[in-house]
Amino acid sequence: MKIIKRTESPFRDTPGGMVLVATGSLYSFTIVHPGKEKQPYGLAMVDFAPGVRAFGRLLFGTEAPAIGSRLRVVPFALPDGTPDYAFQE
């Protein structure tokens, strides 16, 4: 295993708050249909090196990404306004 020393912080300060600058590979996802009055949304499991798997919202347009797609971590606000993160191509 080759260890690479990072010279930049993995976090960036954005207008939406601190963001983890990372990309991962889509391991699995599902679309949740919460009911008639609420919009469907995606949830995903994303693999990051070295051996880290994270769970969170999946943001996408008209078509969901394919398994194995590269995703990045982006700022996201929950419906109640709470700051959070999501995954996006």
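Values computed for the structure shown
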{"read-out": "Relative contact order of the stretch 11-88, defined on C-alpha pairs under 8 angstrom at six or more residues apart (%)", "value": "30"}
{"read-out": "Ratio Rg/Rh [Cα only; Rh per Kirkwood] for the stretch 11-88", "value": "0.98"}
{"read-out": "Contour excess over end-to-end distance, with Cα ends at S69 and S25 and 0.36 nm allotted per residue", "value": "15.3 nm"}
{"read-out": "Environment charge of D47, counting only residues whose C-beta is closer than 14 Å and scoring Lys/Arg +1, Asp/Glu -1", "value": "+3"}
{"read-out": "Cβ-defined net charge surrounding G56, 13 Å radius [Lys, Arg +1; Asp, Glu -1]", "value": "+1"}
{"read-out": "Electrostatic dipole magnitude of the stretch 11-88 [Cβ: Lys, Arg +1; Asp, Glu -1; Cα centre; debye, to 20]", "value": "120"}
{"read-out": "Net charge of Cβ neighbours under 11 Å - reference A86; Lys, Arg +1; Asp, Glu -1", "value": "+1"}
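Only the coordinates and a few stated rules stand behind these numbers; no lab work does. Everything numeric here is computed off the predicted structure, so don't read it as measured data. Ideal geometry is used to build each Cβ from the backbone, glycine not excepted, and the neighbour counts take in all protein chains shown.
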